[in-house]
1. Do the conditions hold for residue 123, that is, is it under 20 Å from residue 184 (Cβ atoms), crowded, with 17+ Cβ neighbours inside 10 Å and touching a helix residue (DSSP H, G or I) at 6+ places or on another chain (Cβ under 7 Å)?
2. Which of the residues belonging to the stretch 150-168 are open to solvent by 20 Å² or more (accessible area, probe 1.4 Å) and within 18 Å of the chain's Cα centre (by Cα)?
3. Checking residue 9 against (1) surrounded by 13 or more Cβ atoms within 10 Å (Cβ to Cβ); (2) assigned to a helix (DSSP H, G or I), which single condition isn't satisfied?
4. Can you pull out the residues in the stretch 138-154 that are within 23 Å of residue 79 (Cα to Cα) and free of Cβ contacts under 8 Å to residues at least 60 places away in the same chain?
5. Mind listing whichever residues of the stretch 169-188 are in a helix (DSSP H, G or I), under 21 Å from the mean Cα position of the chain (by Cα) and aliphatic (A, V, I, L, M)?
6. Consider only pairs whose beta carbons are under 9 Å apart and that are at least six residues apart or on different chains; among these, list those whose first residue lies in the stretch 179-193 and is closer than 16 Å to residue 134 by Cα and touching a residue at least 60 places away in the same chain (Cβ under 8 Å) and whose second residue is outside any helix (DSSP H, G or I) and open to solvent by 50 Å² or more (accessible area, probe 1.4 Å).
Amino acid sequence: MPKIVDPTERRQHLAEAAWRVILRDGLEHASVRNVAREAGLSNGSLRHMFSTQAELLVFAMNQVVERIERRLDSLDPTGDPRATAERFLVELLPLDEERQKENAVWLAFTARALVDPELRECAERSYDALRAGCRRWVTEIAGDQIDVEQEADRLHAVLDGLAVHAATRPEIATADRLRATLAMHLDTLVPSGPR
């Protein structure tokens with residue numbers, strides 16, 4: 001009896017194989033042939049799921065976003081706004097091995113998105129979602145006592161900067177340091193007087 005393959009599970013398996021190739025060899029080596037080999041499949045099996053390399057890469061990029069969204073969806077959004085914001089925003093930082101890999105793959109994808117229109121669309125959607133999240137948490141913490149747009153830009157820049165620092169200098173940008181920097185920044189958003 002032939003083995004029944006769950007297409008969703010197979011696509012996830014291929015996305016993870018693409019991430020491994022990207023982490024080990026770079027995005028330029030994430031060809032259909034190399035990803036199929038990494039996944040232990042034939043080129044034909046991969047092409048049955050993804051007709052082009054671009055389609056595979058867009059799916060793999062979206063999988064990074066979906067993993068982060070699942071973590072965020074599992075969190076309780078209630079409580080003190082400052083503490084809740086920190087609880088959510090640390091999920092975006094590469095504080096452990098899994099998130100470090102996601103971060104490295106994401107940075108490779110975003111660099112490629114500068115010249116690849118299909119990846120650019122995913123990168124822009126993610127940028128907009130992160131920007132909206134920053135605006136939400138700034139508003140939750142500070143209300144209308146600050147320039148929300150400017151502070152959302154600043155929070156967004158802090159998160160992006162920490163992610164880049166963690167990828168390029170992990171020996172300096174440790175998990176503890178990333179957490180402390182984010183916490184210090186969020187503290188600047190807390191109003192000093194009564195609302």
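The values are calculated or read from the model by the stated rules, or taken from the named source; none is laboratory data. All values reported here derive from a predicted model rather than from experimental measurement. Quick reminder, even Gly has a Cβ in these numbers, built from the backbone with ideal geometry, and neighbours come from all protein chains shown. Just the protein is used for accessible areas: all its heavy atoms, side chains included, with ligands, DNA and RNA removed. Shrake-Rupley method; radii C 1.70, N 1.55, O 1.52, S 1.80 Å.
1. Values: under 20 Å from residue 184 (Cβ atoms): no; crowded, with 17+ Cβ neighbours inside 10 Å: yes; touching a helix residue (DSSP H, G or I) at 6+ places or on another chain (Cβ under 7 Å): yes.
So residue 123 does not fit the description; no.
2. Step one: filter the stretch 150-168 for residues open to solvent by 20 Å² or more (accessible area, probe 1.4 Å), giving 150-151, 153-154, 157-158, 160-161, 164-165, 167-168.
Scanning the stretch 150-168 gives 153, 157, 158, 160, 161, 164, 165, 167, 168.
3. All conditions are met except number (1).
4. Residues of the stretch 138-154 that are within 23 Å of residue 79 (Cα to Cα), as a first pass: 138-146, 148, 151-152.
Scanning the stretch 138-154 gives 138, 139, 140, 142, 143, 144, 145, 146, 148, 151, 152.
5. Step one: of the stretch 169-188, the residues in a helix (DSSP H, G or I) are 175-187.
Cutting the leftovers down to under 21 Å from the mean Cα position of the chain (by Cα) gives us 175-183, 185-186.
Scanning the stretch 169-188 gives 175, 178, 180, 182, 183, 186.
6. 189/146
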